[in-house]
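Taken together, the values in this text are just the output of simple stated rules run on the coordinates, not laboratory data. Everything quoted here is computed from the prediction, not taken from an experiment. No Cβ is skipped: glycine too gets one built from the backbone with ideal geometry, and neighbour counts run over all protein chains shown.
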Ligand code: C5P
């Protein structure tokens with residue numbers, strides 16, 4: 001089995017003698033089905049030529065942050081978004097120090113700051129440099145931020161020393177890269193995701209809507225696709241690009257959203273991240289409503305309930321594994337658990353939209369996932385991309401046991 005089938009790996013090559021193994025690593029990653037793009041530091045180029053890595057990866061090697069031609073082809077932000085995993089091998093003491101400090105003075109370190117992907121380091125350096133407290137505290141700091149560390153191994157070194165600091169062999173690094181995706185495996189599953197707000201028309205120029213940006217649903221779609229799922233993303237009106245490998249269906253109202261979801265069934269997993277309007281105007285005026293002085297200062301708008309998309313799909317005989325969101329401003333966990341029962345869900349994701357740094361329209365989120373046994377699993381505040389990946393891993397795990 002190709003354990004990295006369709007996975008996108010940015011391989012960062014730092015300046016160390018172990019860079020000679022990076023050529024082999026490109027081969028091993030591609031053997032496992034991965035697409036590989038290589039980024040080299042200035043130091044890396046002193047040890048191995050870009051031409052070698054270009055030939056092996058099948059793509060031009062990315063070298064400079066400020067190269068207009070390269071940026072026009074695939075810029076650093078694009079590359080950061082493209083990656084499912086950034087693997088730096090060899091990761092020198094200098095690269096680690098720069099990453100620990102958040103320095104962005106070359107293409108590789110800038111890309112690491114910009115990416116939402118998993119990041120793995122394969123350290124390679126002299127044993128004394130690895131043991132140095134500065135390097136050790138950088139490693140500690142980076143581990144705390146969620147960086148994976150592959151190695152180093154101990155043994156004889158190019159400089160004649162013996163000790164820890166040898167880069168792992170290419171074969172082992174490729175296996176470790178594959179392990180990064182193991183928990184995320186949704187290969188062969190159809191994942192249906194709703195996202196964004198809905199718009200409920202009042203008349204031809206006005207509508208009722210809400211503050212949902214769609215960012216969480218889109219991040220989930222991207223993470224599910226990255227995990228190998230076939231993804232259908234049914235979204236209300238948002239200003240977001242369609243993630244790669246995702247089938248997007250644009251809708252406007254709640255009733256459209258339900259119809260689009262029903263058309264997309266059957267699905268193995270449903271994640272309802274949309275902020276669906278609970279009510280819509282009973283009648284949509286065919287002409288723009290005018291101010292009517294005979295009716296005083298007020299205007300009465302009669303609203304009727306919209307269908308509950310999530311509850312409707314979660315009640316079908318062919319119901320998917322159903323995951324809802326509860327965005328609340330108070331009594332978060334109590335309201336969320338009630339919704340889990342009322343809508344017949346497998347999981348509910350509770351998020352506190354009263355906190356302005358998370359939830360609606362923000363870049364970050366912090367969530368608590370509640371299951372049918374009412375166990376609570378908290379995920380600390382981080383970018384919506386990272387939360388999405390953690391949530392997809394959690395769902396994949398539950399699905400396996402389901
Ligand atoms: O009941 P409430 O709107 O708070 O429930 C939120 C959850 O239900 C979300 O997952 C949301 O996407 C879903 N929902 C839905 N259709 C509705 C209302 C909510 O799918 N009409």
Here the alpha-carbon Rg of region 190-401 over 2.2 N^0.38 Å rounds to 1.05
Relative contact order (percent) for region 8-179, with alpha-carbon contacts under 8 angstrom and 6 or more residues of separation?
24 percent
How much length is gained on full extension from residue 27 to residue 161, taking 0.36 nm per residue of separation minus their Cα-Cα distance?
45.4 nm
Sort 137, 383 by Cβ crowding within 10 Å, fewest neighbours at the top.
137, 383
Please give the FRET efficiency for residue 67 paired with residue 295, using the beta carbon to beta carbon distance and R0 = 56 Å, rounded to the nearest 0.05.
0.30
Just the number, please: percent antiparallel of the DSSP beta bridges in the chain, rounded to the nearest 5.
30 percent
The chain, relative contact order [Cα under 8 Å, separation at least 6], %
11 percent
What's the extension gain from residue 364 to residue 383 if we count 0.36 nm per residue and subtract their Cα-Cα distance?
6.4 nm
Neighbouring Cβ atoms within 10 Å as the yardstick, rank 328, 222, 200, 282 fewest first.
282, 328, 200, 222
So for 40, 265, fewest C-beta neighbours within 10 Å to most, what's the order?
265, 40
Ignoring everything except DSSP H segments at least 4 long, calculate the 222 nm mean residue ellipticity for the chain; use -39,500 (n - 2.57) per segment, divide by total residues, nearest 500.
-10500 deg cm²/dmol
Please report, largest first and rounded to whole Å, the three semi-axes of the ellipsoid equivalent to the chain, where each semi-axis is the square root of five times an eigenvalue of the C-alpha gyration tensor.
47, 22, 19
Using Cα atoms only, what is the angle between the long axis of helix 170-182 and the major principal axis of the chain, expressed in degrees (0 to 90) to the nearest 10?
10 degrees
Treat region 29-130 as a sphere of radius equal to its Kirkwood radius over Cα pairs and apply Stokes-Einstein at 20 °C in a medium of 1.002 mPa s; give the translational diffusion coefficient in µm²/s, rounded to a whole number.
151 µm²/s
Between residue 285 and residue 128, the FRET efficiency computed from the C-beta separation at R0 = 60 Å comes out, to the nearest 0.05, as 0.15
Could you grab the relative contact order for region 68-162? Cα pairs under 8 Å, six or more apart, rounded to a whole percent.
31 percent
Here FRET efficiency (C-beta to C-beta, residue 311 to residue 103, R₀ 41 Å, nearest 0.05) is 0.25
Hey, rough spin-label estimate for residue 398 and residue 239, points 7 angstrom out along Cα→Cβ, what's it come to in nanometres?
3.3 nm
One-quarter of the Cα convex hull surface for region 8-179, in nm²?
8.7 nm²
With just the Cα atoms defining each centre, how far is region 81-128 from region 287-365? Give it in Å.
41 Å
